[in-house]
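These notes are about the structure you will find just below.
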Amino acid sequence: MAVIALTSASGSPGVTTTAFGMALLWPRPVLLLEADPTGGSGLLAGYFRGTREYVGGLIELALTSSSIHDGLAEVSERIDGTTVSFVAGTRSHTQAAALRDLWQPLSEELADLESTGQDVIVDAGRLGLVGAPEPLLANADLTLIVTRTTLPAISAARSWADSVQRGAFDWQQPGVLVVGEGQPYSSREVARALNLPVVATVPDDPESAAVFSRGAQPPKRFQAGALARGLHAAIASIHSTVSHRRGELLEGVRP
């Protein structure tokens, strides 16, 4: 697999919940990077409910005197019982500016992780914010705008999608991840409105999503529930999309 970046245009469509949910169900070892410049760790405050202390994250990585490679290993934390590691985000939005010079070398380091058998999921937060991790979005193998299907959500995403189409953002492979298909618009209608392919959809399941977003007790049949099935399907679709593009690139360089 590769580096997958999730971002949004506005509101709270579920970027953090979706990124973390996919990470926990990912079929290979995966690093989850909390790169949202708004500050605060959705994992530490949400999933861990404040029971796990902040011991280091992006700001320490930016300030380290060691190499990005060594620094990344130092600030990455394992989630017990899983193959997921994570790097906590900034503790405050005021720290976002200090990360400006980190994003490009970090994006290059993340690309190299695949050779070690580890994939990367980036929670990039909302587009357009001060300190946004634009190099991570640009250098990801697949960059997905996460949106719900309400008219306000689609309207907000449309201007950013138009910018992508005009080449304002040099994303390698842009796409859309839809949360709550059919509430009220279908993924086909969303793709048509944004003029971007819908790569994956996940259901709007607040009860199950609370397991990832705030460490709630899993509901009955959680592993076989709609959200878990949707996340598994999204992972498969993402894998297929990245593999297909890589196949096309290989075909393009063959003599």
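Quick notes
- Per-region count, the range 5-40, residues within 27 Å of HIS239 (Cβ to Cβ), among the small types (Gly, Ala, Ser) and either touching a strand residue (DSSP E or B) at 6+ places or on another chain (Cβ under 6 Å) or outside any helix (DSSP H, G or I) (or both): 8
- Just one residue in the set ALA191, ALA168, ALA140 is crowded, with 20+ Cβ neighbours inside 10 Å and not β-branched (Val, Ile, Thr); that residue is ALA140.
- Test: residue in the range 95-111 that is under 24 Å from ILE238 (Cβ atoms) and not in a helix (DSSP H, G or I): no
- You will find that of ALA228, ALA153, ALA234, ALA140, the residue that is farther than 16 Å from MET22 by Cβ and touching a residue at least 40 places away in the same chain (Cβ under 8 Å) is ALA153 and no other.
- Among the conditions (1) at pLDDT 95 or above; (2) among the aliphatic types (A, V, I, L, M); (3) in contact with a Lys or Arg (Cβ under 7 Å, 6 or more places away or on another chain), the only one that LEU33 does not satisfy is (3).
- From GLY182, GLY230, GLY215, residue being closer than 30 Å to ARG52 by Cβ and either at pLDDT 95 or above or surrounded by 18 or more Cβ atoms within 10 Å (Cβ to Cβ) (or both): GLY230
- Qualifying residue in the range 232-252 (condition: in a loop (DSSP other than H, G, I, E, B) and over 19 Å from the mean Cα position of the chain (by Cα)): no
- The range 83-134 - residue that is hydroxyl-bearing (Ser, Thr, Tyr) and at pLDDT below 95 and, of those, surrounded by the most Cβ atoms within 10 Å (Cβ to Cβ): THR90
The values are calculated or read from the model by the stated rules, or taken from the named source; none is laboratory data. Bear in mind that the values here come from a model prediction, so they are computed numbers and not experimental data. Don't worry about glycine lacking a Cβ; one is built from the backbone with ideal geometry, like all the others, and counts go over all protein chains shown.
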